[in-house]
Amino acid sequence: MTVSSKDVCRDRVPDAGWEVSVTQPIEGGRRVSVRSSDRFDGSWSVPITLPRDFPAGETAVGIDNWDYSFCDDTGSCAAVSGVLQVEAAPTPTP
């Protein structure tokens, strides 16, 4: 899958890059993460490959090391996470 954003943000990219993760179940579940050193220039995206045995169901996706300190009180830059539905991989037929 690909996580992407069309938003533009001038936040500094952390030295080790953004840590983008997918976790299921949402709280304390199995986690897969990747890093991206790209800026949020309106075309940001990062591919994440989930293993075939990744649990199906409601899944959290987000940037774990986002810096909220520069956000204003409207919260417009604070939503760097979301929820998606992961479906089980189809069982191959012989």
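The values are calculated or read from the model by the stated rules, or taken from the named source; none is laboratory data. Quick caveat: nothing in here was measured; it's all calculated off a predicted structure. All Cβ positions, glycine included, derive from the backbone under ideal geometry; neighbour counts span all protein chains shown. The area values use the complete protein model at the heavy-atom level, side chains included, leaving out ligands, DNA and RNA. Shrake-Rupley method; radii C 1.70, N 1.55, O 1.52, S 1.80 Å.
For T2, indicate whether it is open to solvent by 80 Å² or more (accessible area, probe 1.4 Å), modelled with pLDDT under 85 and not aromatic (F, W, Y). No. Summed over the range 55-80, residues that are at pLDDT 85 or above and under 15 Å from the mean Cα position of the chain (by Cα) total 8. Applying the selection to the range 29-49, what residues are open to solvent by less than 60 Å² (accessible area, probe 1.4 Å) and touching a residue at least 24 places away in the same chain (Cβ under 8 Å)? Result: G29, S33, F40, G42, W44, S45, V46, I48. One residue stands out among those in the range 9-49 that are out of contact with any strand residue (DSSP E or B) (no Cβ under 6 Å at 6 or more places or on another chain) and of a type in the set (A, V, I, L, M): the one that is farthest from G82 (Cα to Cα), which is A16. When the range 29-54 is filtered for residues that are modelled with pLDDT under 90 and more than 21 Å from K6 (Cβ to Cβ), the ones remaining, listed by number, are G29, R52, D53.
Listed by first and then second residue, the pairs with beta-carbon distance under 6 Å, at least 6 apart or on different chains, first residue in the range 10-28 and closer than 23 Å to E58 by Cα, second part of a loop (DSSP other than H, G, I, E, B), are E19/D64; E19/N65; S21/D64; V22/I48; T23/G29; Q24/P55. The set of residues from the range 5-28 being at pLDDT 85 or above, more than 13 Å from D64 (Cα to Cα) and loosely packed, with under 13 Cβ neighbours inside 10 Å comprises K6, D15, P25.
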